[in-house]
Amino acid sequence: MAVALLATLGVLLLLYVVITVLGRDGLIQSLMTAGLTRPEAEQFLLINTTAPLVLGLVYAVSAGAVESRRGWGRWLGLVGAVVLALLVLTTTLTAGGVTVISLLLLVLSVSAAASLLARTTREWLAPAGG
């Protein structure tokens, strides 16, 4: 279960980055229409794709490590889940509203954290015979 949740989070976040990069010109134009200058719009997009890119890679590496029964993958995924949950909560509180995507990311990150902390995951990752 933990591997599936980590992989899903990684795919969703990396897909967001790919869509943002592919639609970059349209997004910049929309931001400029909203009142930003072109350099401000480019900086806004850079900032708003960096965190999902890093977290998406963290989740992908963590999913692979947990699948290979490496204990550090569990901790990497747990840190990623906590960071994403805090980012989503902070963004939701400052923006003043919940979106479907933010709610999905929050539920998946909390589920991933719970799954990684579960006794069954700990026991599955424990070295054999130890």
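The values are calculated or read from the model by the stated rules, or taken from the named source; none is laboratory data. Just so we're clear, the structure is a prediction, and the values are computed from it rather than from any experiment. In this analysis, Cβ positions are derived from the backbone assuming ideal geometry, glycine residues included, and neighbour counts consider all displayed protein chains.
Selection over the stretch 1-34 of residues that are surrounded by fewer than 16 Cβ atoms within 10 Å (Cβ to Cβ) and either among the aliphatic types (A, V, I, L, M) or more than 16 Å from Thr50 (Cβ to Cβ) (or both) gives a count of 16.
Quick check on this structure: which one of Leu76, Leu22 is modelled with pLDDT of 95 or more, farther than 24 Å from Ala112 by Cβ and either among the hydrophobic types (A, V, I, L, M, F, W, C) or touching a helix residue (DSSP H, G or I) at 6+ places or on another chain (Cβ under 9 Å) (or both)? I'd like the intermediate steps shown before the answer.
Values: Leu76 fails: farther than 24 Å from Ala112 by Cβ.
One residue alone meets the criteria, Leu22.
With the condition kept exactly as written, say whether any residue in the stretch 69-90 is of a type in the set (Ser, Thr, Tyr), more than 19 Å from Val11 (Cα to Cα) and in a helix (DSSP H, G or I). So far as the stretch 69-90 goes, yes, one or more of its residues are of a type in the set (Ser, Thr, Tyr), more than 19 Å from Val11 (Cα to Cα) and in a helix (DSSP H, G or I).
The selection criterion, being under 26 Å from Val107 (Cβ atoms), without any contact (Cβ under 8 Å) to a residue 60 or more places away in the chain, β-branched (Val, Ile, Thr) and in a helix (DSSP H, G or I), holds for Ile19.
Reported count of residues in the stretch 103-120, each being within 12 Å of the chain's Cα centre (by Cα) and in contact (Cβ under 8 Å) with a residue 60 or more places away in the chain, is 5.
Against the test of being of a type outside the set (D, E, K, R) and either farther than 23 Å from Leu5 by Cα or surrounded by 17 or more Cβ atoms within 10 Å (Cβ to Cβ) (or both), the options Leu117, Leu105, Leu57, Leu86 yield a single qualifying residue, Leu105.
Does Trp124 satisfy the condition of being in contact (Cβ under 8 Å) with a residue 24 or more places away in the chain, surrounded by fewer than 13 Cβ atoms within 10 Å (Cβ to Cβ) and either under 12 Å from the mean Cα position of the chain (by Cα) or more than 26 Å from Gly26 (Cα to Cα) (or both)? Quick ask: steps written out before the conclusion?
Values: in contact (Cβ under 8 Å) with a residue 24 or more places away in the chain: yes; surrounded by fewer than 13 Cβ atoms within 10 Å (Cβ to Cβ): yes; either under 12 Å from the mean Cα position of the chain (by Cα) or more than 26 Å from Gly26 (Cα to Cα) (or both): yes.
Yes.
The number of residues in the stretch 58-69 that are touching a residue at least 24 places away in the same chain (Cβ under 8 Å) and not hydrophobic (A, V, I, L, M, F, W, C) comes to 4. The residues of the stretch 22-57 that are aliphatic (A, V, I, L, M), without any contact (Cβ under 8 Å) to a residue 40 or more places away in the chain and either in a helix (DSSP H, G or I) or on the phi > 0 side of the Ramachandran plot (or both), listed by number, are Leu22, Leu27, Ile28, Leu31, Met32, Ala41, Leu45, Leu46, Ile47, Ala51, Val54.
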